[in-house]
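Working notes for the structure below.
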Amino acid sequence: MGATPTDALLLTLAIWGAIVDSRYRRRGGTKPSKRDSILFLVATAILAVPLFIALGLLGANALAFGFGLFEAAILLFALWELGRWRVRRQHPLSPVASYPEQDNVKS
């Protein structure tokens, strides 16, 4: 067992998305709503409960259990950032909010 190239790609894209999203929110973009957070927790439960049951019934060792949780965490992180990417596409920043340093420039 080990990380796959797909895991590395998903994790890289999700981290890049998180960086872009933090810049977007800092410049006044739409923040995640309470509903988004609740849906994320529900998705986590929907993914985690069957994973715990399946690994428990199969008698998985601690390494397999940890690897399964790691895979699930990467998947959930990537899905969260995909949702945030959709929010950024639906609610783009205005040109003034995108470049606040231009406010100080005299014409």
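Worth pointing out:
- Tilt relative to the chain, helix 62-90 - C-alpha long axis, 0 to 90 degrees, to 10: 30
- Computed from Cα atoms, the angle from the helix 34-57 axis to the main principal axis of the chain rounds to 20 degrees.
- With one equal scatterer per alpha carbon and no solvent term, the Debye-computed log10 I(q)/I(0) for the chain at 0.15, 0.22 1/Å reads -0.76, -1.18.
- For q = 0.13, 0.17, 0.20, 0.31 Å⁻¹, Debye-computed log10 I/I(0) when each Cα of the range 33-90 counts as one equal scatterer: -0.41, -0.62, -0.77, -1.23
Only the coordinates and a few stated rules stand behind these numbers; no lab work does. Everything numeric here is computed off the predicted structure, so don't read it as measured data.
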